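The values are calculated or read from the model by the stated rules, or taken from the named source; none is laboratory data. Here the structure is a predicted model, which means the values were calculated and not measured. As a convention, Cβ positions derive from the backbone with ideal geometry for all residues, glycine included, and neighbour counts pool all protein chains shown.
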Amino acid sequence: MRIVLLGPPGSGKGTQAQKLGRNLGLPHVGMGDMLRGALKNRTSLGERAKEFMDSGKLVPDSIILELLGERLEGTKEGFILDGFPRTLEQAKRLGALLEKERENLDAVINLKVREETILRRLPGRLVCSECGKVYQRANLSSSTQRCPSCGAPLLSRTDDVSDTLKKRIEIYLEHTHPLIDYYKKKGILQDVSGEGNPQEVFDRIVKILN
Ligand SMILES: [Zn+2]
């Protein structure tokens, strides 16, 4: 199965993608992880991406698509994609990339959460400085300052403050509306409520995929 997870910051998209990958035995392809991996391993694409990031620019789609193309090679059984696409243009380019391999997406899961839920969830978020995994402060034991997965120090996201956050949600909604319509027209969009605890959300997704 080839699945894309969409959702605003704080929708739990990354957590669900990881869980789903483990559950279905499919690779979880997270855009953030992929980019961090390329930077860390200093691949040629990583070096090119770094130039943009160092000068405070967004990494262009062409580089992202190349990275993704490399990553998706050898995932014939499928994948769970999270953090991409974010725009209609990217969605079309992803479609073209898959088409070349005579593949297509089976489902696009659109996680829906209320703004108040996002504002409540995000300030409690910790990100691993090494592997990029995201944790809810509330789900970790109070003494933990290290990543349960790799042991590196955890950082809190400084941009998770209300005003910046509201802006990020606005930008997200603005860019993803056309994307959601696009997948809706293709008949593969599935709206799933992202409210409640991670297990509840996961059960809803699994039910829809079955
Ligand atoms: Zn870690």
For region 113-149, which residues satisfy the criterion of being within 16 Å of the ligand (Cβ to nearest atom), in a loop (DSSP other than H, G, I, E, B) and β-branched (Val, Ile, Thr)? Thr144
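Does Ala152 count as touching a Lys or Arg at 6+ places or on another chain (Cβ under 7 Å), of a type outside the set (Lys, Arg) and more than 25 Å from Ile3 (Cα to Cα)?
Values: touching a Lys or Arg at 6+ places or on another chain (Cβ under 7 Å): yes; of a type outside the set (Lys, Arg): yes; more than 25 Å from Ile3 (Cα to Cα): yes.
It is true that Ala152 is touching a Lys or Arg at 6+ places or on another chain (Cβ under 7 Å), of a type outside the set (Lys, Arg) and more than 25 Å from Ile3 (Cα to Cα).
Looking at region 1-66, what helices (runs of 4 or more DSSP H) fall wholly within it and have at least 3 residues that are under 16 Å from the mean Cα position of the chain (by Cα)?
Values: elements: 13-24, 31-40, 44-54.
Once the helices (runs of 4 or more DSSP H) in region 1-66 are filtered for at least 3 residues that are under 16 Å from the mean Cα position of the chain (by Cα), what remains is 13-24, 31-40.
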With the structure loaded, tell me whether Lys76 is assigned to a loop (DSSP other than H, G, I, E, B) and either in contact with a helix residue (DSSP H, G or I) (Cβ under 6 Å, 6 or more places away or on another chain) or loosely packed, with under 13 Cβ neighbours inside 10 Å (or both) or whether it fails that test. yes
Inspect all residues belonging to region 46-64 and state whether any of them is closer than 26 Å to Glu170 by Cβ, surrounded by fewer than 17 Cβ atoms within 10 Å (Cβ to Cβ) and in contact with a Leu (Cβ under 9 Å, 6 or more places away or on another chain). yes
Cross-chain or 6+ apart pairs with Cβ under 6 Å, region 168-191 first and touching a residue at least 12 places away in the same chain (Cβ under 8 Å), then assigned to a helix (DSSP H, G or I): Pro178/Leu88; Leu179/Leu88; Leu179/Ala91; Tyr182/Leu88; Tyr182/Ala91; Leu189/Tyr183; Gln190/Ile208
Unmet criterion (only one of (1) more than 21 Å from Asn197 (Cα to Cα); (2) surrounded by 13 or more Cβ atoms within 10 Å (Cβ to Cβ); (3) in contact (Cβ under 8 Å) with a residue 24 or more places away in the chain) for Gly12: (1)
Got a number for residues in region 19-32 being in contact (Cβ under 8 Å) with a residue 60 or more places away in the chain and buried (at least 19 other Cβ atoms within 10 Å of the Cβ)? 3
Out of region 150-194, which residues are modelled with pLDDT under 80 and within 16 Å of the ligand (Cβ to nearest atom)? Ser156, Arg157
